[in-house]
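Below is one structure; the comments refer to it alone.
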Amino acid sequence: MTDLVATARSLFAPGKGILAADESVHTATTRLSHYGIATSAEMRRQYRDLFLGAEGIEEYLSGVILFSETLSQKGNDKKAFPKSLAARGVAPGVKVDLGTEPFPSSPEELITQGLLDLAERLQMYKKQGALFTKWRAVIRIDGDQLPTSVALHENAKRLASYAKEVQTAGLVPILEPEILLEGTHSRMRSRAVIEETMQTVFSVLEEHSVDRASVIIKTSMALSGAESGKKDTPEEVAEDTLSALIASVPRQVAGIVFLSGGQTPDEATANLAAIAKHAKRANAPWPLTFSYARALQDEALALWKGKEENVPAARAAYLARLAKVSAAVLG
Ligand code: 13P
């Protein structure tokens, strides 16, 4: 097993998963202002410390995806965040894409930017302690019209170029083609789009000779659109999510992680528990775990409100959620 494969596999230690703490400055500002917290670089540092400095996270987290700003910030313990995570056995990773822009050939769809100076940035992130990386592509469903196959293909090409570059730099790539929850689509449509997206991604990865064994896939669950008026049961979600992934994700990948995508913390936990159980029954060929941002952080942020005196209560809520999500993934 190569070092890269070993790093990728270590993120799937039993009962552990990944915290996505990689909100860009823009997204972090939106999230914090939702809870009445004004942002600054120092406020974002305190926000990160709330989640990264909490005692005991290593029991539940194998890795954390950081935003580039956080790689060079220090926690309240005066240690650089990547160093203090690594010292506790939690692998530091970094989001390396630079966000999305409209796709000129189909302007209602988005393509992801960040390939131009990627090689240089990877060298810097590596020196700062990153062991793995993430690139997010955004796929929107609109009836049978969207996504278009040209937009899927363009996003897949960029994911493949990213993955190749990252493996060459000696880092593990997480490929995240996120199918948005927003929309009126059915769960079956979501399932079909997940399958088509993954098939497109893997056919392009093959053309770019990307090594599948150190690739981690980050995916949405098959869910009815947020504006569909339909609530899926965890069993329905598990069955359709796994059918889509078993049909489209090769057995050689290091594993699959799930995003929460706007589900409530309880929904994201219950759906993950059903997926983990179903995966065992179906003998799914890859390990699975969580890589949540909102579902792990929202309850704590609502309690924290940017105030020092609320840190213990906020961290207690965060650790309680981590414990539930970890139990869910153990099936
Ligand atoms: P959510 O779990 O909030 O969807 O975030 C995961 C993520 O990494 C989105 O890019």
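The values are calculated or read from the model by the stated rules, or taken from the named source; none is laboratory data. The structure presented is a predicted model; accordingly, all values stated were derived computationally and were not measured. Positions of Cβ are backbone-derived with ideal geometry, glycine not excepted, and every protein chain shown enters the neighbour counts. Side chains are part of the model used for accessible areas, which takes the heavy atoms of the whole protein and leaves out ligands, DNA and RNA. Shrake-Rupley method; radii C 1.70, N 1.55, O 1.52, S 1.80 Å.
At-a-glance table
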| read-out | value |
| --- | --- |
| Protection proxy ranking, peptides 35-48, 297-310, average beta carbon neighbours within 10 Å, highest first | 297-310, 35-48 |
| Full-stretch length increase - Asp211, Ala320 - with 0.36 nm per residue and alpha-carbon distance subtracted | 35.6 nm |
| Total charge dipole magnitude, region 16-56, about the Cα centre, Cβ charges on Lys, Arg, Asp, Glu only, Debye to nearest 20 | 60 debye |
| Ordering of 60-67, 280-287, 256-263 by packing [mean C-beta count within 10 Å, highest first] | 60-67, 256-263, 280-287 |
| Positive-end extreme of charge dipole, region 1-111 - chosen from Thr30, Ser62, Val94 (charges on Cβ) | Ser62 |
| Electrostatic dipole magnitude of region 223-262 [Cβ: Lys, Arg +1; Asp, Glu -1; Cα centre; debye, to 20] | 160 debye |
| Farthest toward positive dipole pole in region 196-323 [+1 Lys/Arg, -1 Asp/Glu at C-beta], among Ile217, Ala279, Leu322 | Leu322 |
| Straight-distance crosslink candidates among lysines, where the alpha carbon sits under 30 Å from Lys74 and sequence neighbours closer than 8 are dropped | Lys16, Lys83, Lys95, Lys126, Lys127, Lys134, Lys218, Lys305, Lys307, Lys324 |
| Protection proxy ranking of 290-296, 157-163, 95-101, 187-193 - average other beta-carbon atoms within 10 Å, highest first | 290-296, 157-163, 187-193, 95-101 |
| Relative contact order computed over region 120-268 (Cα-Cα under 8 Å; 6+ residues apart), in percent | 26 percent |
| Considering only the chain, percent of DSSP beta bridges that pair antiparallel, nearest 5 | 15 percent |
| Whole-number D in µm² s⁻¹ for region 1-147, Kirkwood Cα-pair radius fed into Stokes-Einstein, 10 °C, 1.306 mPa s | 95 µm²/s |
| Point-charge dipole on Cβ atoms (K/R +1, D/E -1) for region 244-322, about Cα centre, debye to 20 | 340 debye |
| Region 63-114: GluC sites (Glu not before Pro) in DSSP loop, at most 16 other beta carbons within 10 Å | none |
| Cα gyration tensor shape for the chain, rounded if a/c is under 1.5, else prolate or oblate | rounded |
| Two-site label geometry, Ser149 and Glu59: point separation in nm, points 7 Å out along Cα→Cβ | 5.1 nm |
| Whole-percent carbon and sulfur share, accessible surface of the chain, 1.4 Å | 53 percent |
| Value of relative contact order over the chain, rounded to a whole percent, pairs C-alpha under 8 Å and six or more apart | 18 percent |
| Spin-label pair Met43/Ser72, simplified geometry with 7 Å Cα→Cβ offset, distance in nm | 2.2 nm |
